[in-house]
Amino acid sequence: MMDAARWSRIQQLFSAAVDLPANERRILLEAECGGDQALLAEVRAMIEEDSRGDSLLDRDVSHVAHQVLGEAAPLPYRQAGPYRIVRMLGEGGMGVVYFGQRDDVGQVAAIKVLRDAWLSPARRERFLTEQRTLAQLNHPSIARLYDSSTFADGTPWFAMEYVEGEPLTKYCQQRGSSIEERLRLFREVCQAVQHAHLHAVIHRDLKPSNVLVRADGSVRLLDFGIAKQLDRFDAPNDQTRTGLRLMTPAYAAPEQIRGGNIGVYTDVYSLGVMLYELLAGRLPFDLSHKTPGEGEKIILDQEPEKPSSIPDLNVLCLTAMRKDPERRYRSVEALIRDIDHYLRAEPLEAQADSLRYRAGKFVRRNRRAVNAAAAALTLVTGLVVFFTARVTIARNRALTEAARTQSIQRFMLNLFEGGDKESGPADSLRVVTLLDRGVQEAQGLNSEPFVQAELYQTLGSIYQKLGKLDRADSLLESGMNRRRALFGKDSAETADSLVALSLLRIDQERLPEAEQLARQGLEMAKRHAPRGDFSLAKATTALGRVLEERGSYDQAIPVLEEAVRISAQQSAANPELASSLNELASVHFYAGRYAKADALFHRVLEMHRQLYGDRHPLVADDLINLGAVQVDLGYYSEAETLERQALEISASYYGSEHPQTAHNLTVLARTLVHEKRLDEAVAALEKVLPIEERAYGPASRQVASPLNELGNIAMARQQYDEAERRFTRMVGIYRAVYNNHHYLVGIALSNLAGVSVARKQYSQAEELYRQAIQMFASTLPAGHLNIGIAQIKLGRALLRQQRFRDAETQLLAGYAILVKQTSPALVYLQNARRDLVSVYEALKQPEDARKFQAELGSGAESAAR
């Protein structure tokens with residue numbers, strides 16, 4: 001009887017080999033099975049049975065249907081989430097891929113379904129690993145993940161970008177692409193791989209068939225099915241080793257063949273093989289008709305022939321393909337730099353630094369100038385010496401930058417390796433654990449101050465995103481001090497640190513200091529950043545955001561419009577442009593220009609989806625912003641739909657205990673309060689408040705937001721003491737944070753006045769409402785909704801005092817503001833109509849009373865619809 005371990009091993013080998021070409025399958029199985037001929041025979045028999053398709057148990061349902069019913073056989077699944085499955089695109093031993101289409105928005109996708117999911121837990125895990133990997137990669141040259149779930153029978157599926165194109169080598173061969181064209185396409189592939197590496201993902205199976213070029217010339221990197229995620233260390237050792245051997249031998253690095261440690265250098269090698277094939281039209285090693293042992297010896301021992309007659313191209317390929325990982329390009333970014341050097345006819349960093357080499361490069365780049373100067377040998381000699389010196393300086397700078405990049409890369413890999421290269425990665429790494437270890441590592445880099453300064457800045461920004469503001473403060477201050485020492489007090493690097501600190505000061509609610517730092521950083525960036533540079537746009541956006549947080553909307557708008565102008569010079573869609581547009585939209589929203597804000601928020605949402613996909617937290621922020629517009633206009637159902645989408649994204653990305661998730665839950669609770677669903681709102685807010693207090697402190701403006709909603713709920717339940725306590729604390733927070741000058745102070749005062757109205761303390765309520773209106777008038781533009789709402793509330797307090805003419809004045813003023821901008825069913829608008837009916841009845845003006853009574857009925861009908 002076969003034991004569980006034996007059966008598990010057979011399953012692993014079957015999953016690894018079944019979808020490989022016959023020659024590669026033979027090499028893999030003979031290498032993995034070693035001398036265990038019985039194991040080899042069992043796996044081969046299983047694969048042969050699978051290939052015959054005679055058994056219902058071993059074949060996919062679609063194959064059975066095709067055999068029984070012919071070409072018109074129905075598809076096994078009709079719908080995958082929102083996607084209608086149209087036809088089968090292809091299949092392998094791992095899965096079946098279908099063409100799917102969304103009828104609602106017309107989007108098409110490739111639907112990948114795990115084949116025979118019940119047969120192999122190892123195969124299922126590989127499938128889910130590919131899904132998880134794609135979910136965290138958002139790059140224009142990587143096929144994106146759209147959606148994922150399981151069918152009713154438990155079979156997992158995921159939808160990804162449908163790519164119609166040709167393999168990289170075939171695309172170039174058919175079009176007779178020039179060397180420069182091939183290098184530019186290859187560079188796009190490198191950028192995609194570099195993006196994966198920055199997210200701690202190693203592809204491990206890079207080859208031309210996994211790189212498709214579309215008709216428009218754009219590149220898509222596919223198939224992360226055996227990618228190694230450096231932050232996943234829960235696989236048993238035997239599975240990890242099997243994963244290391246799941247590769248295509250012709251493109252595999254020597255360390256993969258040996259079953260040794262892999263890293264970013266492994267993908268660098270495979271990229272080198274791809275480049276070799278692109279340039280030479282053939283692979284560096286011919287492994288056809290070779291035994292596994294012969295193929296392994298060739299890859300490990302033989303040096304490939306030079307792929308080109310051009311020395312620099314040989315350097316590019318062969319440096320990437322060196323047997324020793326330490327002698328290859330240390331990162332894909334370093335390979336990209338040398339591609340760029342070649343395309344610009346500049347010296348390669350990997351080339352021996354000889355005078356003849358540098359001078360030859362100079363002559364080729366400046367051929368006309370050199371020919372014109374050839375008549376004067378002395379002048380020529382002077383020019384060569386002069387430009388050689390300039391090249392040397394440029395090269396030294398490039399090498400310094402390369403060394404810095406390599407140091408940072410080593411630093412990051414050491415974090416994941418756990419400090420012991422032989423024993424492998426740690427078993428229980430978490431984000432905070434990595435960050436704390438990172439700080440310890442960075443503190444020990446005194447001999448590399450450039451790297452240390454960069455790491456302090458990066459780690460500080462990450463701590464800020466996690467809500468650990470004190471830790472972020474210490475690191476960002478340290479980073480700025482080191483940059484000042486290295487680059488000077490007035491430099492582009494110091495400007496970047498000033499801007500980062502200003503953004504931190506916003507989160508710390510130290511707004512005057514935030515504005516001072518932002519202005520210093522912007523002025524410094526203007527002196528040092530190239531025109532149109534992203535750093536200049538970032539600094540300008542930071543100042544605009546500070547002005548926005550201080551309520552200085554009229555000042556913020558031209559600043560943010562300038563940031564948008566700078567960012568738009570780079571490309572039609574880029575992260576800095578999206579950031580600038582988002583802040584500009586927010587300012588228009590707070591200023592009450594809802595149509596403008598809504599249009600800008602939609603533009604930002606489209607841009608973020610283009611840049612990052614549908615599941616990024618920035619997309620969640622956009623949905624929250626669009627929902628806020630709907631809430632202020634009284635369209636609560638539409639707002640709730642948007643807010644629930646945002647909450648689902650943020651919870652899946654950050655987790656349920658993160659401050660950003662808590663913020664989004666607060667926003668949803670606010671809408672639930674408007675919809676009178678108080679129990680649901682309370683349950684949400686009771687989760688939120690302790691999270692916000694832990695992250696930001698009990699006197700934070702973030703805490704004031706859930707306090708506001710809890711106060712509103714207490715009011716609805718006639719728990720006036722509770723409401724007064726919540727609103728009083730809210731007033732104190734906003735006055736302290738904003739130095740008693742912000743529209744949020746007015747909102748808190750207005751809410752507190754509502755408690756006095758409920759207690760029938762109308763004169764006290766009148767005084768608080770007048771303070772609120774005065775605050776709104778000094779911080780918001782004329783005609784803002786908040787002013788109108790406060791005037792309607794003041795009108796009610798005056799009506800209760802039977803001061804009918806005073807009440808009429810306030811009610812009509814508020815009504816005039818709201819009726820032009822909001823839903824007819826908005827509760828404040830209905831209150832104004834109802835109170836105006838009472839006023840005109842008391843004043844014996846029946847025609848005016850009938851007018852507002854009729855509008856009151858129309859508003860009720862709108863609410864019912």
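The values are calculated or read from the model by the stated rules, or taken from the named source; none is laboratory data. Given the structure is predicted, the values throughout are model-derived calculations rather than measurements. For neighbour counting, all protein chains shown are included, and Cβ atoms are generated from backbone atoms with ideal geometry for every residue, glycine included. These area figures cover heavy atoms from the full protein model, side chains too; ligands, DNA and RNA do not enter into them. Shrake-Rupley method; radii C 1.70, N 1.55, O 1.52, S 1.80 Å.
So in the stretch 70-123, with the set limited to residues that are of a type in the set (Gly, Ala, Ser) and modelled with pLDDT of 80 or more, which one is surrounded by the fewest Cβ atoms within 10 Å (Cβ to Cβ)? Residue satisfying both the conditions and the ranking: Gly81. Could you check the stretch 789-801 and list, in sequence order, the residues that are part of a helix (DSSP H, G or I) and over 39 Å from the mean Cα position of the chain (by Cα)? Across the stretch 789-801, the qualifying residues are Ala790, Gln791, Ile792, Lys793, Leu794, Gly795, Arg796, Ala797, Leu798, Leu799, Arg800. Do we find a residue being modelled with pLDDT of 85 or more and open to solvent by 60 Å² or more (accessible area, probe 1.4 Å) anywhere in the stretch 327-339? Yes.
Yes/no per residue for (1) among the β-branched types (Val, Ile, Thr); (2) touching a helix residue (DSSP H, G or I) at 6+ places or on another chain (Cβ under 7 Å); (3) under 16 Å from Glu855 (Cα atoms):
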position	(1), (2), (3)
Phe776	no, yes, no
Ala782	no, no, no
Ala790	no, yes, no
Leu799	no, yes, no
Asp806	no, yes, no
Gly814	no, yes, yes
Val819	yes, yes, yes
Val837	yes, yes, yes
Tyr840	no, yes, yes
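A single member of Ala695, Ala716 is of a type in the set (Gly, Ala, Ser), under 23 Å from Pro659 (Cβ atoms) and either at pLDDT below 95 or open to solvent by 60 Å² or more (accessible area, probe 1.4 Å) (or both), and it is Ala695. Scanning the stretch 28-43 for residues that are assigned to a helix (DSSP H, G or I) and of a type outside the set (S, T, N, Q) yields Leu28, Leu29, Glu30, Ala31, Glu32, Cys33, Ala38, Leu39, Leu40, Ala41, Glu42, Val43. Determine, yes or no, whether Leu744 is part of a helix (DSSP H, G or I), modelled with pLDDT of 95 or more and either open to solvent by less than 10 Å² (accessible area, probe 1.4 Å) or of a type in the set (A, V, I, L, M) (or both). Criteria not met by Leu744. When the residues of the stretch 632-686 are filtered to those that are in a loop (DSSP other than H, G, I, E, B) and under 26 Å from the mean Cα position of the chain (by Cα), the one that is surrounded by the most Cβ atoms within 10 Å (Cβ to Cβ) is His658.
When Ser778 is tested against (1) open to solvent by 60 Å² or more (accessible area, probe 1.4 Å); (2) assigned to a loop (DSSP other than H, G, I, E, B); (3) closer than 20 Å to Gly592 by Cβ; (4) not β-branched (Val, Ile, Thr), just one condition goes unmet, and that condition is (2). Residues satisfying the criterion are present in the stretch 456-475 (criterion: at negative phi, open to solvent by 60 Å² or more (accessible area, probe 1.4 Å) and modelled with pLDDT of 85 or more). Contact annotation: residue pairs with Cβ atoms under 6 Å, 6 or more positions apart or on different chains, pairing a residue in the stretch 617-635 that is closer than 16 Å to Arg593 by Cβ and modelled with pLDDT of 90 or more with a partner that is open to solvent by 10 Å² or more (accessible area, probe 1.4 Å) and not small (Gly, Ala, Ser), are Leu626/Leu642; Val629/Tyr594; Val629/Asp598; Gln630/Glu638. Selection of first residues in the stretch 68-84 that are at positive phi and of second residues that are crowded, with 16+ Cβ neighbours inside 10 Å and modelled with pLDDT of 55 or more, restricted to Cβ pairs under 8 Å at least 6 apart or on distinct chains, gives the following pairs, ordered by first then second residue: Gly81/Asp147; Gly81/Ala159.
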